[in-house]
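Each reported figure results from applying straightforward, stated rules to the coordinates on display, with no laboratory input. Keep in mind that what you see is a predicted model, and the values were worked out from it rather than measured. Every residue, glycine among them, receives a Cβ derived from its backbone with ideal geometry; neighbour counts consider all protein chains shown.
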Ligand code: ADP
């Protein structure tokens, strides 16, 4: 049985197709999210990679900020639950999940069964999210995917003191104008994200194993800064951007299996 999870975020759309609740048959990440062609493109791409059509999918769960906008889903489940499900499946020892996405950041605590016991979310402010990094990358005339490499050359981290993204952007511009190296400034940008996220994590408590998910987990500079801020090692989830979509596909397998049971017993 094939089941599908679709995670429609604020800045990207992710799809995972699972075979019998175990094997990933196809997956896709499209870097545009809710309100765009992203969800349809991610769906088409994942189906193509799996060699399937929509008719082959027994059950679909939509998650993420834009989950209510996807009409083809059988069910919608919150991204907190799906994130926990996906991470627990991949890393059963995970007790704290830190998810840094395009426009929000979350800290989730799990029990040993993978159930969510606590969570906090920053969705009000771009600081401490991928959006902050995108704004700064524009000022630095580079891609977000290049930031980590630039920061590797840092000799002395520039402290970015503004917590507001708009003021922090002005601070970055004036530090560069004052002759500070791009590397030192980028390391400061990573430290700023890490400080904000560490504040969020402090509100749920830090229980190991600590696992990082979300697109920003692909930025090794943020990971390093966060490990320094939290004074703890962090495990980057395998395929960190699609863990919530994987969780959604696992929930879809549970629901789809129940559907088949009641159908067979009729
Ligand atoms: P959402 O689910 O909120 O749409 P994601 O978890 O997909 O967000 O994360 C999107 C963010 O991930 C982007 O804002 C971007 O900053 C970051 N990102 C995506 N790909 C990369 C990459 N290759 N390197 C560094 N950062 C990345």
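Descriptive notes on the structure:
- Antiparallel bridges, percent of DSSP beta bridges restricted to the stretch 93-237 (to nearest 5): 65
- Between helix 165-177 and the chain: long-axis angle, C-alpha atoms, 0 to 90°, nearest 10: 40
- Relative contact order (%) - criterion: Cα under 8 Å, at least six apart; region: the stretch 93-237: 31
- Shape analysis of the stretch 3-61 based on the Cα gyration tensor places the equivalent ellipsoid semi-axes at 19, 10, 9 Å, largest first.
- DSSP bridge pairs, the chain: antiparallel proportion in percent, nearest 5: 65
- Here the extension length gained between residue 156 and residue 203 equals 14.0 nm, from 0.36 nm per residue of separation less the Cα-Cα distance.
- Once the Kirkwood radius over Cα pairs is known for the stretch 86-136, the Stokes-Einstein relation at 4 °C and 1.567 mPa s delivers a diffusion coefficient of 110 µm²/s.
- Likely footprinting exposure, 23, 14, fewest C-beta neighbours within 10 Å first: 23, 14
- Alpha-carbon Rg with Dmax, taken over the chain, Å: 19.3, 75
- Contact order normalised by residue count of the stretch 150-229, Cα under 8 Å, 6+ apart, percent: 35
- Highest average packing first - 232-245, 105-118, Cβ atoms within 10 Å: 232-245, 105-118
- Per-q log10 I(q)/I(0), the stretch 1-106, q = 0.16, 0.23 Å⁻¹ (Debye; single scatterer per alpha-carbon; no solvent): -0.67, -1.32
- Summary value for the chain: 24 percent relative contact order, contacts being C-alpha pairs under 8 angstrom separated by 6+ residues.
- Taking Cα atoms only, the orientation of helix 38-50 departs from the longest principal axis of the chain by about 60 degrees.
- Stretching residue 139 away from residue 113 to a fully extended chain increases their span by 5.0 nm, per 0.36 nm per residue minus the current alpha-carbon distance.
- Against the chain, whose longest principal axis is taken from its Cα atoms, helix 182-204 shows a tilt of about 50°.
- Surface/4 estimate of mean projected area, convex hull on alpha-carbon atoms of the stretch 93-237, nm²: 7.8
- Here the average projected area of the convex hull drawn through the C-alpha atoms of the stretch 32-93 stands at 5.0 nm².
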